[in-house]
Amino acid sequence: MNAISKDDDPSARATIGVLRETKYGERRVALIPGDVRRLASTYDVIVEEGAGVLAGFSDRSYEAVGARVVSNSTLHITANVLVGVRVPENARNIPFGAVLISLHGRDASLASILRESSVDHLVLERMPRITRAQNMDVLSSQAAIAGYSAVLEGARRLPIILPMMTTAAGVLRPANMIALGAGVAGLQALATARRLGAVTHGFDVRAAAQEQVQSVGATFVSVDTPLRATETVDGYARDQSHDEQLQLRRALESHLVSMNLIITTAQIPGRRAPLLIDDESIAQLTPGTVIVDMAAESGGNTTRTQPDQEVVIHGVTILGPTQLSSMAAGDASRLFSGNIRHLLEHLGTRGKTLRIDPSDDITAALLGAKSAATSEVSAR
């Protein structure tokens, strides 16, 4: 671990730089003005020009709470703590010895670049599932928004409406919807589809999920397979063998054929997404069925998923959106920003420095396998 050299001014404070996202389709911002105001008593905050515009937060709104709005080059010269939703596309621009807080840090080549620059990357996907880290868990907060958006995307592509409708011309039956995976995203998808009038069903390999599915008014789908204990100690689904996945796919087929909208959410941190729907299963589905694969970015839960593409096969539409949270960028940013603020408050300060302590279980998890001595990040 490194320690950024302190400014000669003893009153200098750590400077947080809020990055403008550059990935196509990414509309969120890592810190919103309300949370900048709450952090201002501890940190100096600078914001890259236009960082919040796509989420509905103008440069002027940041200036109104005491932040300085600066160019990208000025931000990289001035800030020693960079916060973003995603890793900046040009990671080599990150200042030597800085701290980066963002999603998407599992790329080996990226990790190598950051090591060369002595950058400490707090990877938000690694946030441990422990009670005191719940208010810092961006995966959960963003999954809730994504689950909501997935249903709206699927409903737009369906040739039928979700609710039952009675008219003088006849009665329209409600659509059947199923969520495969009953984590935060799946449960939010079920709740949203039910509010829109669909008949909802949920499935998960974790036994504990049955009660959760039923709590949002959905029917839990049981399959007759000899699956072993499928939940890890941290609450995630255990990775299954090839044979177990095959058995599961065949067992799910009889339930999927009656569904109009299928939302798949199954992912395993750091691994390829499990395959839940293969070509044989797709061939059994009713033409007009829509699948929204929320695991597209990690390989997909179907054999035909293409990230950010719409694929039609046997009359079945398969969507692989990777920016579902950004479809409601304002609220997604509010939740993401709240998580970041709680993380910064947890990291805390020592004097006028941001403290990065690998002996802390939350910080250690975000850093990955690092185990070096405590470092402190102060203003330049």
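The values are calculated or read from the model by the stated rules, or taken from the named source; none is laboratory data. The structure presented is a predicted model; accordingly, all values stated were derived computationally and were not measured. Glycine gets a Cβ as well: all are built from the backbone with ideal geometry, and neighbour counts include every protein chain shown.
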Just the residues that are hydroxyl-bearing (Ser, Thr, Tyr) and at pLDDT 90 or above, please, taken from region 9-23.
THR15, THR22
Residues in region 144-170 that are in contact (Cβ under 8 Å) with a residue 60 or more places away in the chain and touching a helix residue (DSSP H, G or I) at 6+ places or on another chain (Cβ under 9 Å) total 13
Region 260-290 - residue that is in a loop (DSSP other than H, G, I, E, B) and small (Gly, Ala, Ser) and, of those, nearest to LEU366 (Cα to Cα)
GLY270
Which one is surrounded by the fewest Cβ atoms within 10 Å (Cβ to Cβ) among residues in region 236-283 that are among the β-branched types (Val, Ile, Thr) and over 26 Å from the mean Cα position of the chain (by Cα)?
VAL257
Specify which of the listed residues (GLU125, GLU153, GLU211) is modelled with pLDDT under 95, outside any strand (DSSP E or B) and within 26 Å of the chain's Cα centre (by Cα).
GLU125
Out of (1) within 18 Å of ALA328 (Cα to Cα); (2) surrounded by 15 or more Cβ atoms within 10 Å (Cβ to Cβ); (3) among the aromatic types (Phe, Trp, Tyr); (4) out of contact with any Gly (no Cβ under 9 Å at 6 or more places or on another chain), what's the single condition that is false for TYR43?
(1)
Out of the residues in region 184-208 that are farther than 18 Å from ARG156 by Cα and charged (D, E, K, R), state the one that is modelled with the highest pLDDT.
ASP204
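From the set of residues in region 342-366 that are in a helix (DSSP H, G or I) and crowded, with 20+ Cβ neighbours inside 10 Å, which is modelled with the lowest pLDDT?
LEU347
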Can you spot a residue in region 164-174 that is in contact with a Lys or Arg (Cβ under 7 Å, 6 or more places away or on another chain), outside any strand (DSSP E or B) and in the same structural domain as ILE318 (by TED's automatic domain parsing)?
yes
So which residues in region 291-335 are touching a residue at least 12 places away in the same chain (Cβ under 8 Å), surrounded by fewer than 24 Cβ atoms within 10 Å (Cβ to Cβ) and part of a strand (DSSP E or B), if there are any at all?
GLU310, ILE313, VAL316, THR317, LEU319
Just the residues that are among the small types (Gly, Ala, Ser) and buried (at least 17 other Cβ atoms within 10 Å of the Cβ), please, taken from region 74-110.
ALA79, GLY84, ALA91, GLY97, ALA98, SER102, GLY105
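Would you say VAL65 is β-branched (Val, Ile, Thr), surrounded by fewer than 18 Cβ atoms within 10 Å (Cβ to Cβ) and over 18 Å from the mean Cα position of the chain (by Cα)?
yes
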Give me a count of the residues in region 24-40 that are under 23 Å from the mean Cα position of the chain (by Cα) and surrounded by fewer than 16 Cβ atoms within 10 Å (Cβ to Cβ).
3
Taking region 214-253 on its own, how many of its residues are modelled with pLDDT of 95 or more and aromatic (Phe, Trp, Tyr)?
1
For region 188-212 the number of residues that are among the aliphatic types (A, V, I, L, M) and either without any contact (Cβ under 8 Å) to a residue 24 or more places away in the chain or more than 26 Å from MET165 (Cβ to Cβ) (or both) is 4
